[in-house]
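The values are calculated or read from the model by the stated rules, or taken from the named source; none is laboratory data. These numbers come from a predicted model, not from an experiment. When we count neighbours, we look across all protein chains shown, and the Cβ atoms used for this are built from the backbone with ideal geometry, even at glycine. Note: areas computed on protein heavy atoms with side chains; ligands, DNA, RNA excluded. Shrake-Rupley method; radii C 1.70, N 1.55, O 1.52, S 1.80 Å.
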Amino acid sequence: MSIAQERRLVTPVPGPGSLLRLERKRRHVADGVGTTLPVFVVEAGGGVLVDVDGNHLIDLGSGIAVTTVGNAAPHVVRRASEQLAAFTHTCFMITPYDGYVDVCEQLGELTPGGHAKKSALFNSGAEAVENAVKIARVATGRDAVAVFDHAYHGRTNLTMAMTAKNMPYKNGFGPFAGEVYRAPMSYPFRDGLSGPDAAARAIDLLEKQVGAANLACVVIEPIQGEGGFVVPAPGFLPAIAAWAAAHDVVYVADEIQSGFCRTGDWFASDHEGVVPDLVATAKGIAGGLPLSAVTGRAELMDRVHVGGLGGTYGGNPVACAAALGAIEEMREHHLTARARAIGATMASRLADLRETHAVIGDVRGRGAMMAIELCAPGTTEPDPARTAAVAAYCHAQGVVVLTCGTYGNVLRFLPPLSIPDALLAEGFAVIAEAFAATA
Ligand code: PLZ
């Protein structure tokens with residue numbers, strides 16, 4: 001690893017070089033494209049981001065759960081570079097190439113369930129979700145789509161409709177796609193319901209307000225991402241999946257944020273042995289290159305007419321090569337086990353922190369996808385101000401943490417699985433400091 005794996009601040013964060021560039025950004029980049037921490041990055045790897053001023057920051061965000069195998073991971077760089085030099089694009093729909101088929105073969109092996117599977121590749125997570133809905137609609141001949149409270153599925157027109165939170169994702173951007181229905185999610189910290197009881201509540205709403213016979217699919221994040229790292233109570237996902245199967249409703253797992261070793265299994269659905277009909281993946285799949293996929297039961301995938309799925313860039317050869325490199329990293333470095341180890345460390349640090357800071361109402365997550373929810377002590381009343389203050393302190397001290405949640409009161413931790421233990425420990429020491437300093 002050529003980048004020193006240490007936190008090193010040589011200027012304030014952001015430093016003068018970043019501030020100059022931020023001014024340029026203001027002139028040339030649309031204001032609608034926001035920035036969490038405006039340090040301009042020149043290099044990254046292991047658990048470190050290096051900025052233009054020479055600051056070394058600890059990365060606890062992985063570019064929103066993307067660089068799971070680490071930034072510029074060796075197998076990703078090697079395979080993508082070789083592919084870049086060979087050819088950059090043909091369009092798989094015009095003249096195909098092996099990399100695309102190789103990725104689909106890997107997806108069939110790695111996603112939950114031993115049944116015959118096929119895949120189609122796209123560019124972004126939102127595109128994968130849209131295509132899963134298209135497939136489910138054709139296969140069932142039905143229109144309606146069920147989603148959940150706090151869900152996040154993307155920023156395109158259909159996926160905005162499927163996303164729950166108005167600001168910043170939807171405000172003013174309507175009208176939205178129709179036939180999208182929202183059911184209550186299992187949110188143990190807020191509803192106190194068991195998994196089966198929360199599932200019964202959701203199913204009752206769908207049956208009374210939509211009707212199972214009208215539903216093409218239910219789309220659910222097995223652990224919610226942007227919505228607050230909500231982990232449904234045990235039994236919730238299996239009950240929803242069983243109900244969907246009983247009514248020929250396609251069960252779609254959106255594993256875009258939770259997939260590819262992040263939670264300590266290949267996919268979050270694996271934890272409870274749920275076998276989705278369709279799985280949408282993206283983010284961690286290709287170590288940072290844009291690639292996404294829908295993988296599912298072969299007979300379901302093949303219901304779509306020839307030419308019905310595609311796009312100019314979907315399954316770009318360089319992105320596919322990167323995905324094969326990322327999967328090689330995951331297998332070679334046993335990254336599911338690494339995610340569990342990182343998760344155990346983070347869970348114990350966060351549990352300690354909760355002992356001293358009553359503002360931490362809940363510690364949750366799985367593997368290297370952990371979060372804390374901040375509330376007025378002893379209540380579920382969100383404290384977004386304290387959340388923002390803790391995040392700002394961490395950023396100023398060179399630790400990249402992200403917030404999320406419907407109420408903006410969740411701090412989430414998504415380190416690259418290539419982060420050294422010492423750096424992870426230092427990151428959490430800074431987080432502890434941040435709680436003390438903002439008390
Ligand atoms: N489904 C579960 O987490 C992307 C969004 C960041 P795209 N989450 C990060 C932002 O503010 O735009 C996401 C997700 C889940 C779908 C998506 C959408 O994936 O690749 O951003 O389209």
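Kindly provide the set of residues from region 211-227 that are crowded, with 18+ Cβ neighbours inside 10 Å and over 18 Å from Asp277 (Cβ atoms), ordered by number.
Ile223, Gln224, Gly225, Glu226, Gly227 - these are the residues of region 211-227 that are crowded, with 18+ Cβ neighbours inside 10 Å and over 18 Å from Asp277 (Cβ atoms).
Answer yes or no: is there a residue in region 189-204 that is surrounded by fewer than 16 Cβ atoms within 10 Å (Cβ to Cβ), within 22 Å of Arg262 (Cβ to Cβ), of a type in the set (D, E, K, R) and without any contact (Cβ under 8 Å) to a residue 60 or more places away in the chain.
Among the residues of region 189-204, not one is surrounded by fewer than 16 Cβ atoms within 10 Å (Cβ to Cβ), within 22 Å of Arg262 (Cβ to Cβ), of a type in the set (D, E, K, R) and without any contact (Cβ under 8 Å) to a residue 60 or more places away in the chain, which makes the answer no.
Take region 372-419 and flag every residue that is polar (S, T, N, Q) and in contact with a Cys (Cβ under 8 Å, 6 or more places away or on another chain).
Going residue by residue through region 372-419, those that are polar (S, T, N, Q) are 379-380, 387, 397, 403, 406, 409, 418.
Asn409, the sole residue that qualifies.
Taking region 57-67 only, how many residues are outside any helix (DSSP H, G or I) and in contact with a Gly (Cβ under 7 Å, 6 or more places away or on another chain)?
The number of residues fulfilling the criteria is 6.
Mind checking which helices (runs of 4 or more DSSP H) fall wholly inside region 75-185 and carry at least 2 residues that are more than 16 Å from the ligand (Cβ to nearest atom) and under 18 Å from Arg303 (Cβ atoms)?
On the way: elements: 98-110, 125-140, 157-162.
The qualifying helices (runs of 4 or more DSSP H) are 98-110, 125-140.
Restricting to region 266-317, give me the number of residues that are over 14 Å from Lys117 (Cβ atoms), crowded, with 24+ Cβ neighbours inside 10 Å and β-branched (Val, Ile, Thr).
Number satisfying all stated conditions: 1.
Please go through region 7-30 and give me each residue that is among the charged types (D, E, K, R) and assigned by TED's automatic domain parsing to the domain that holds Ala425, ordered by number. If you could, list the steps in order and put the result at the bottom.
Looking only at region 7-30, we keep the residues that are among the charged types (D, E, K, R), and these are 7-8, 21, 23-27.
Within region 7-30, Arg21, Glu23, Arg24, Lys25, Arg26, Arg27 meet the criteria.
What number goes with the only condition from (1) of a type outside the set (Lys, Arg); (2) touching a residue at least 40 places away in the same chain (Cβ under 8 Å); (3) in contact with a helix residue (DSSP H, G or I) (Cβ under 7 Å, 6 or more places away or on another chain) that Thr140 does not pass?
(3)
Based on this model, can you work out whether Val230 counts as open to solvent by less than 60 Å² (accessible area, probe 1.4 Å) and touching a residue at least 40 places away in the same chain (Cβ under 8 Å)? It would help to see each step written out before you state the result.
On the way: open to solvent by less than 60 Å² (accessible area, probe 1.4 Å): yes; touching a residue at least 40 places away in the same chain (Cβ under 8 Å): yes.
When the stated conditions are applied, Val230 passes them.
Check region 23-33 and report whether any residue there is loosely packed, with under 11 Cβ neighbours inside 10 Å and closer than 26 Å to Gly427 by Cα.
Looking for residues that are loosely packed, with under 11 Cβ neighbours inside 10 Å and closer than 26 Å to Gly427 by Cα, one finds none in region 23-33, hence no.
Only one residue in Thr336, Thr387, Thr379 is out of contact with any Phe, Trp or Tyr (no Cβ under 6 Å at 6 or more places or on another chain) and open to solvent by 50 Å² or more (accessible area, probe 1.4 Å). Which one?
Working: Thr336 fails: open to solvent by 50 Å² or more (accessible area, probe 1.4 Å); Thr387 fails: open to solvent by 50 Å² or more (accessible area, probe 1.4 Å).
When all the criteria are applied, what remains is Thr379.
Collect the residues in region 209-232 that are within 14 Å of the ligand (Cβ to nearest atom) and of a type in the set (S, T, N, Q), keeping them in residue-number order.
Gln224
Quick grid of which residues meet (1) within 16 Å of the ligand (Cβ to nearest atom); (2) in contact with a His (Cβ under 9 Å, 6 or more places away or on another chain):
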site	(1), (2)
Val29	yes, no
Leu37	yes, yes
Val41	no, no
Val48	no, yes
Leu57	no, yes
Gly61	yes, no
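Does Leu205 qualify as being in contact with a Leu (Cβ under 9 Å, 6 or more places away or on another chain), more than 16 Å from the ligand (Cβ to nearest atom) and not assigned by TED's automatic domain parsing to the domain that holds Gly343? It would help to see each step written out before you state the result.
Details: in contact with a Leu (Cβ under 9 Å, 6 or more places away or on another chain): no; more than 16 Å from the ligand (Cβ to nearest atom): yes; not assigned by TED's automatic domain parsing to the domain that holds Gly343: yes.
No.
For region 70-85, how many residues are open to solvent by less than 30 Å² (accessible area, probe 1.4 Å) and closer than 15 Å to Pro290 by Cβ?
Going through region 70-85 one residue at a time, the tally reaches 2.
In the list Gly307, Gly311, which residue meets the criterion of being within 23 Å of the chain's Cα centre (by Cα) and modelled with pLDDT of 95 or more?
On the way: Gly307 fails: within 23 Å of the chain's Cα centre (by Cα).
Step by step, each of Gly307, Gly311 is checked, and only Gly311 is within 23 Å of the chain's Cα centre (by Cα) and modelled with pLDDT of 95 or more.
Determine which single condition Trp243 fails, assuming it passes every other condition in (1) assigned to a loop (DSSP other than H, G, I, E, B); (2) more than 27 Å from Arg331 (Cα to Cα); (3) among the aromatic types (Phe, Trp, Tyr).
The failed condition is (1).
Specify which of the listed residues (Thr36, Thr67, Thr88) is within 25 Å of Ile372 (Cβ to Cβ) and open to solvent by 30 Å² or more (accessible area, probe 1.4 Å).
From the options Thr36, Thr67, Thr88, the qualifying one is Thr36.
Is it true that Val42 is part of a strand (DSSP E or B) and free of Cβ contacts under 8 Å to residues at least 40 places away in the same chain? Spell out the reasoning first.
On the way: part of a strand (DSSP E or B): yes; free of Cβ contacts under 8 Å to residues at least 40 places away in the same chain: yes.
Taking the combined requirement at face value, the residue satisfies it.
Look at Ser124 and say whether it is in the same structural domain as Gln257 (by TED's automatic domain parsing), hydroxyl-bearing (Ser, Thr, Tyr) and buried (at least 17 other Cβ atoms within 10 Å of the Cβ).
yes
Is it true that Leu291 is more than 30 Å from Thr345 (Cα to Cα) and under 16 Å from the mean Cα position of the chain (by Cα)? Give the steps one after another, and end with the answer.
Working: more than 30 Å from Thr345 (Cα to Cα): yes; under 16 Å from the mean Cα position of the chain (by Cα): yes.
In short, yes.
Condition (residue is within 12 Å of the ligand (Cβ to nearest atom), in the same structural domain as Thr163 (by TED's automatic domain parsing), open to solvent by less than 10 Å² (accessible area, probe 1.4 Å) and more than 12 Å from the chain's Cα centre (by Cα)) applied to region 233-244: is it met by at least one residue?
For region 233-244, residues within 12 Å of the ligand (Cβ to nearest atom), in the same structural domain as Thr163 (by TED's automatic domain parsing), open to solvent by less than 10 Å² (accessible area, probe 1.4 Å) and more than 12 Å from the chain's Cα centre (by Cα): absent.
Could you list, in sequence order, all residues of region 245-265 that are open to solvent by 10 Å² or more (accessible area, probe 1.4 Å), of a type in the set (Gly, Ala, Ser) and under 15 Å from Pro112 (Cβ atoms)?
Of everything in region 245-265, just one residue is open to solvent by 10 Å² or more (accessible area, probe 1.4 Å), of a type in the set (Gly, Ala, Ser) and under 15 Å from Pro112 (Cβ atoms), namely Ala245.
Residues to consider are Val52, Val39, Val33; find the one that is more than 25 Å from the chain's Cα centre (by Cα), of a type outside the set (S, T, N, Q) and in the same structural domain as Leu424 (by TED's automatic domain parsing).
On the way: Val39 fails: more than 25 Å from the chain's Cα centre (by Cα); Val33 fails: more than 25 Å from the chain's Cα centre (by Cα).
Answer to the check: Val52.
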